[in-house]
Structures are given as structure tokens and as C-alpha cells.
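**Q** Let me begin by handing over the structure; questions about it come next.
The values are calculated or read from the model by the stated rules, or taken from the named source; none is laboratory data. Values in this document were obtained by computation on a predicted structure and should not be read as measured data. Using ideal geometry, Cβ is built from the backbone for each residue, glycine included, and neighbour counts are taken over all protein chains shown.
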Amino acid sequence: MDEAVKSEVEALRADFKKISEDLKGLTKTLATLTAKQAADGVDELKHKRDELEAQLRQAAGEARTSLEDHVREKPLNTLLLAFAIGLVLGKGFGR
């Protein structure tokens, strides 16, 4: 009977060792997957940032073109507007 108990204990130790190794492997696999997902997420965010930057540059270019066209079409109105803004800002800063 004593030998049977020892045999069972050894079998349990082997099972626990195998479970421990499996858990280590799972942990390593999860870490690898998490790192890959994080890297993929960073890549996706960089791509979206680049797209937004391009859209912003395009919108800024269009706004600049629109402003330049307005100045060319109505230079006197633009000059008067700039003068008025200067007066308001001058009063606001106490000059």
C-alpha cells in the first residue's frame, strides 16, 4: 500500500509539473499575442494620424486659397477689415 501511495504522489507531482509548464507556455503565448496586438494597434493609429494630417493639410491649403482669392477679389474690403481688427486689438491691449 505504501508503494501505491508513493506512486500516486509521484504521478501527481508529474501532473503538477506538466500543468506548470503548460501555464508558462500559455503565459508566453499570451504575452506574444498581446505584444503583436499592441504593435498592430500602434501601426493603425499611425496610419490614421497620417490620414488626418493629410486631410488637415488639404483643408488648410483650401482655406489659404480661398482667403487669397478673397483678398484678390476685394482688396479694399480686406484692408479695411485688417485695419478694424488692428484697432480693436490695439484698444484691447490698452494702446
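**Q** Looking at LEU45, is it assigned to a helix (DSSP H, G or I) and within 19 Å of the chain's Cα centre (by Cα)?
**A** Here the answer is yes, as LEU45 does meet what is asked.
**Q** Please indicate, with yes or no, whether at least one residue in the stretch 5-23 is at pLDDT below 90, assigned to a helix (DSSP H, G or I) and loosely packed, with under 10 Cβ neighbours inside 10 Å.
**A** Yes, some residue in the stretch 5-23 is at pLDDT below 90, assigned to a helix (DSSP H, G or I) and loosely packed, with under 10 Cβ neighbours inside 10 Å.
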